[in-house]
Amino acid sequence: MECPNADHMTHLLKKEPSRIPINGTFELTIRCNLHCKMCMFRHDDSENTDIVHRELTADQWIKLANEVSRAGTFSLLLTGGEPMLRSDFCELYEGIYKQGFILTLYTNATLVTPRIMETLRRYPPHRIGITIYGASSETYERVCADASSFDRMREGVKQLRSLPSILDFRTTVINDNYADVDAIETMLRTEFGESCRLTQARMVNRSVRGACADVDACRLEPEDNVRLALRRSINIIKSYVGDRYDEKYLAIRLADNSDAEKHPRLTLFGCDAGMDSYAISWDGKLLGCQMMGAFALDVLDGSFTSAWKRFPGIVKLPPLNETCQACESLGICNCCWASRLAETGDLGGCPEYVCRDTAIVRALLNK
């Protein structure tokens, strides 16, 4: 399906859905204290000096927070890299918090200091997303190249739990921590409370926007992706229905998730990106989402509002390749424009890794 040209797209967007930047992401840095081998965003350490010089300052982020608030943003995610790595994190966080957002903070919880805790106690975020990479120092060494970060994470989580914030625990599963998934779940419940549970993405894409990770060398085979997702889905359903569990619950769940045709929508990318959500990168670029670097506008060159209004005009998507157009699994495919670009280097590419994953899901649905 060929994307309409920019003028036609702008006309359609005026007629159909409103574009209001309700949900924002501020990527405060792409630097990180960990060296996770599958990270989509971290650049090589040799680039850090240049990155520090080009990162937006605390004052610039606070000014942007004021702008996006006036433009309609009320839900804001602060992420990285690792946000707490910034020496001005407390000043920056406080200034953004005071704008009145529903605030979410993503962190690996290894850099929680007394000063940071004092700031967060005074200005607690609504939600904290904590990424956990394993259930032992050995796994953290394999995944993050830092065995000591496991204990620092545990201590950081204990401190963050004292806040009135909702805690979400996430992980990225690769070959090096695949065997730890159940152990992570157990650790969360035994150390941090019965209500602490793990949510996790099923598939790891290649790195984007110049990041340095060699994802192909460590990510799971598609068969293992699906096997893990299926097992965890069954466990989640069983936790709700107990002895009444039947495989029909899973069939309904899969079918509901794949039924996109009943909900046609006019969007820029087929999702919320650039419609009611956006990201601003560490160096001040307006993006549709953090994964999609192909289309960007400098928010410091004018204002956020003007960049947001101009954004649809720069989104020019190629025709979808013939292989994908003809695929019977297109409706359930996990691929978006951003992951096509990440996997193939081409916005219209056909990612073999995702195709294999989708074929396995299709076989499950057919059963």
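The values are calculated or read from the model by the stated rules, or taken from the named source; none is laboratory data. As the structure is a prediction and not an experimental result, all values here were calculated from the model. We place every Cβ from the backbone using ideal geometry, glycine too, and count neighbours over all the protein chains shown.
May I ask you to list the residues in segment 118-132 that are in a strand (DSSP E or B) and touching a Phe, Trp or Tyr at 6+ places or on another chain (Cβ under 9 Å)? First the steps, then the outcome.
To start, the set of residues in segment 118-132 that are in a strand (DSSP E or B) comprises 127-131.
Hits for segment 118-132 are Ile128, Gly129, Ile130, Thr131.
Among Thr110, Thr139, Thr119, Thr131, which is of a type in the set (Val, Ile, Thr) and touching a strand residue (DSSP E or B) at 6+ places or on another chain (Cβ under 8 Å)?
Thr131
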Kindly check whether there is at least one residue in segment 294-309 that is surrounded by 15 or more Cβ atoms within 10 Å (Cβ to Cβ), aliphatic (A, V, I, L, M) and either within 20 Å of Ala342 (Cβ to Cβ) or within 18 Å of the chain's Cα centre (by Cα) (or both).
-> yes
Would you check which residues across segment 93-110 are assigned to a loop (DSSP other than H, G, I, E, B) and either surrounded by 24 or more Cβ atoms within 10 Å (Cβ to Cβ) or in contact with a Gly (Cβ under 6 Å, 6 or more places away or on another chain) (or both) and list them?
-> Asn108, Ala109, Thr110
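Asp168: surrounded by fewer than 20 Cβ atoms within 10 Å (Cβ to Cβ) and outside any helix (DSSP H, G or I), yes or no?
On the way: surrounded by fewer than 20 Cβ atoms within 10 Å (Cβ to Cβ): yes; outside any helix (DSSP H, G or I): yes.
Yes; evaluated as a whole, the condition is true for this residue.
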Close pairs from segment 117-128: first buried (at least 17 other Cβ atoms within 10 Å of the Cβ) and of a type in the set (A, V, I, L, M, F, W, C), partner part of a loop (DSSP other than H, G, I, E, B) and modelled with pLDDT of 95 or more, Cβ under 7 Å, at least 6 apart | Leu120/Leu163; Ile128/Ser165
Mind listing whichever residues of segment 281-306 are part of a helix (DSSP H, G or I), among the hydroxyl-bearing types (Ser, Thr, Tyr) and touching a helix residue (DSSP H, G or I) at 6+ places or on another chain (Cβ under 9 Å)?
-> Thr305
Qualifying position, being in contact with an Asp or Glu (Cβ under 9 Å, 6 or more places away or on another chain) and either among the polar types (S, T, N, Q) or touching a residue at least 24 places away in the same chain (Cβ under 8 Å) (or both), among Thr49, Thr104, Thr113 = Thr104
List the number of the failed condition for Pro83; all other conditions in (1) surrounded by 21 or more Cβ atoms within 10 Å (Cβ to Cβ); (2) at pLDDT below 95 hold.
-> (2)
Among the residues listed as Val226, Val204, Val241, the single one being buried (at least 18 other Cβ atoms within 10 Å of the Cβ), part of a helix (DSSP H, G or I) and modelled with pLDDT under 90 = Val226
Hey, does segment 302-311 have a residue that's within 21 Å of Asn23 (Cα to Cα), at pLDDT 85 or above and touching a Cys at 6+ places or on another chain (Cβ under 8 Å)?
-> no
Residue count, segment 133-161, condition assigned to a loop (DSSP other than H, G, I, E, B), in contact (Cβ under 8 Å) with a residue 12 or more places away in the chain and not basic (Lys, Arg), comes to 6
Would you tally the residues in segment 307-324 being part of a loop (DSSP other than H, G, I, E, B) and closer than 20 Å to Gly72 by Cβ?
-> 1
By residue number, the members of segment 251-301 that are at pLDDT 85 or above and basic (Lys, Arg) are Lys285
Taking Ala179 as meeting all but one of (1) more than 26 Å from Asn48 (Cα to Cα); (2) crowded, with 18+ Cβ neighbours inside 10 Å; (3) free of Cβ contacts under 8 Å to residues at least 24 places away in the same chain, write down the number of the exception.
-> (2)
Any chance segment 341-352 includes a residue that's of a type outside the set (A, V, I, L, M) and under 19 Å from the mean Cα position of the chain (by Cα)?
-> yes
Only one of these conditions is not met by Cys327: (1) surrounded by 14 or more Cβ atoms within 10 Å (Cβ to Cβ); (2) assigned to a helix (DSSP H, G or I). Which number is it?
-> (2)
Failed condition for Lys63, given (1) free of Cβ contacts under 8 Å to residues at least 24 places away in the same chain; (2) farther than 17 Å from Val299 by Cα, with all others met?
-> (2)
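How about segment 336-367: which of its residues are in a loop (DSSP other than H, G, I, E, B) and at pLDDT 85 or above?
Let us first name the residues in segment 336-367 that are in a loop (DSSP other than H, G, I, E, B), namely 336, 345-351, 367.
Of everything in segment 336-367, those that are in a loop (DSSP other than H, G, I, E, B) and at pLDDT 85 or above turn out to be Cys336, Gly345, Asp346, Leu347, Gly348, Gly349, Cys350, Pro351.
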